[in-house]
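Each remark here refers to the structure printed beneath this line.
Computed from the coordinates by the stated procedures, all read-outs in this text should not be read as laboratory data. Everything numeric here is computed off the predicted structure, so don't read it as measured data. No Cβ is skipped: glycine too gets one built from the backbone with ideal geometry, and neighbour counts run over all protein chains shown.
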Amino acid sequence: MSVTVAAAHSIPLCVPHMTGTEFKYLRECIDTNFVSSVGPFVARFERQVADYVDSRYAVATVNGTAALHLGLLVVGVEPDDEVIVSTLTFIAPVNAIRYVGAYPVFIDADRHTWQLDPDRLADFLRHECDFSRGVLRNRRTGRRIRALLPVNIVGHSVDWDSVGSIAREYGLPIVEDATESLGARYNGTPTGRFGSVACFSFNGNKLITTGGGGMLVTDDSALGERARYLSTTAKDDDVEFIHGAVGYNYRLTNIQAAVGCAQMEHVDAFVSRKREIAARYAEALSIPGITPMREPPGVQSAFWMYTVLVEEREFGMDSRRLLAELGQRSIQTRPLWQPAHMSPAHRDVSAGARCPVAEWLNRTALSLPCSVGLTAQDQEAVTSAILQLRRG
Ligand SMILES: *Cc1c(COP(=O)(O)O)cnc(C)c1O
């Protein structure tokens, strides 16, 4: 589907960038017959990502959603538990919570950073939960709250000092969704280091891609081993095929990992390109009606998905009209996701969550073309189209 979309726009939103080494590594897979989930590229790719984010263990998975599903399982989330999650996110982490049979509790976004709002989180825990003898319960539902799943969105980072200390106060393990923030740092530390486990995605539109793929990283060997075990059908004996638990077939293939290895060799260059693109947009689009994407304090952003806010009154049209106008000029843009508490898929379990900031961001935000390979000329075409459309 993304092929059709890309073909329909001469300047697509965010497409993969091949480095030239992918084909060589793929050829090695074919030549050696290591095409499935056993093969040297899988371990090499795991090492590359783990080293890049300073983690001890890594388990490569078929996609980021699978990594999140495993992450929730290994930190101990069980059916009928609740998991606190950012409402302004791509839907994957919320779906993963439901796969476990658990329920999401949605927390609003911060108006300035767009990430999970630590004050709303603290308010919820303080005023709507009971915490006694190490067990945290949602007073309204009576259910146990078992984990926290903050999502680093659009390439920025969650405010980990605040969220981390709240999590410690209530004894909540963190599953960090770092799928959009590969390459970002919070107070100098790579994102992906702030949870008991953290998850990455290598889907086609992410900073680096394996076509489709994901990874769980952790410093905790027990959690890492458990995730690896569950990802490979929980096999105890591979001669007799004895399985010790209901496992999953979630391992990444050597073919996909080969592409990932080639991509990871250029990850620093990719982040630099994203930051360059962001700096150019920020300069060209500092105009009334447009709020450029700003780095939150203490954050070195990967600027994975360059996003601006469009204020209708100042700009002369709203974000959706701008999307349509740019689309007619063959420039692909996209709003931020429908907040998960409003999603028809999850409305039945959102219990009328009030998240006005996420709803406002959903109405006003627009992501602009920001592929690693975006040329200066194409970026110039995007900014001049926006300048022309303003009050035009
Ligand atoms: C991309 C993404 C994922 C994982 O997506 P997959 O397509 O399953 O790899 C998870 N969370 C967020 C926030 C994402 O953007």
Tell me the Kirkwood radius of region 134-181: reciprocal of the mean inverse pair distance over distinct alpha-carbon atoms, in Å. 11.8 Å
When the Cα centres of region 329-376 and region 191-235 are compared, how far apart do they sit, in Å? 25 Å
Extension gain (nm, one decimal) between Thr21 and Phe131, 0.36 nm per residue minus Cα-Cα: 34.3 nm
Amide H partners (placed H, <5 Å) of Ile145, local residues excluded: Glu82, Leu136, Arg137, Asn138
Over region 201-357, relative contact order from alpha-carbon pairs under 8 Å, at least 6 apart, %: 13 percent
Under Stokes-Einstein, with the Kirkwood radius over Cα pairs standing in for Rh, what whole-number D in µm²/s applies to the chain at 4 °C and 1.567 mPa s? 60 µm²/s
Summing -39500 (n - 2.57) over every DSSP H run of at least 4 residues in the chain and dividing by its residue count gives a helix-only mean residue ellipticity at 222 nm, to the nearest 500 deg cm²/dmol, of -11500 deg cm²/dmol
How big is the dipole moment of the chain about its Cα centre under a simple scheme where the beta carbon of each Lys and Arg is +1, that of each Asp and Glu is -1, and everything else is neutral? Debye, nearest 20, please. 660 debye
Cβ charges +1 (Lys, Arg) and -1 (Asp, Glu), total dipole of region 296-345, debye: 160 debye
Calculate the FRET efficiency for Ser221 and Arg347 from the Cβ-Cβ distance with a Förster distance of 41 Å, rounded to the nearest 0.05. 0.55
If the cut-off is a Cα-Cα distance under 23 Å, which lysines reach Lys206, setting aside same-chain residues fewer than 8 apart in sequence? Lys24, Lys274
Could you give the alpha-carbon Rg of region 327-375 over 2.2 N^0.38 Å, rounded to two decimals? 1.53
For the pair His243 and Arg354, how long in nm is the line joining their label points, each one 7 Å along Cα→Cβ? 4.6 nm
How many percent of the alpha carbon pairs in region 1-149 exceed a separation of 21 Å? 64 percent
Please turn the phi angles of region 297-313 into ³J(HN,Hα) values with the Karplus equation 6.51 cos²θ - 1.76 cosθ + 1.60 (θ = phi - 60°), one per residue in order, whole Hz, x for glycine and proline. x, x, 9, 9, 7, 8, 6, 4, 10, 6, 10, 10, 9, 10, 8, 4, 4
If you take the Cα Rg of region 300-392 and divide it by 2.2 N^0.38 Å, with N the number of residues, what do you get? 1.24
Based on the inverse mean of 1/r over its pairs of different Cα atoms, what is the Kirkwood hydrodynamic radius of region 67-185, in Å? 14.2 Å
In debye, nearest 20: dipole of region 247-309 around its Cα centre with unit charges on the Cβ of K, R (+) and D, E (-)? 120 debye
Looking at the chain, send over the antiparallel percent of its DSSP beta bridges, to the nearest 5. 65 percent
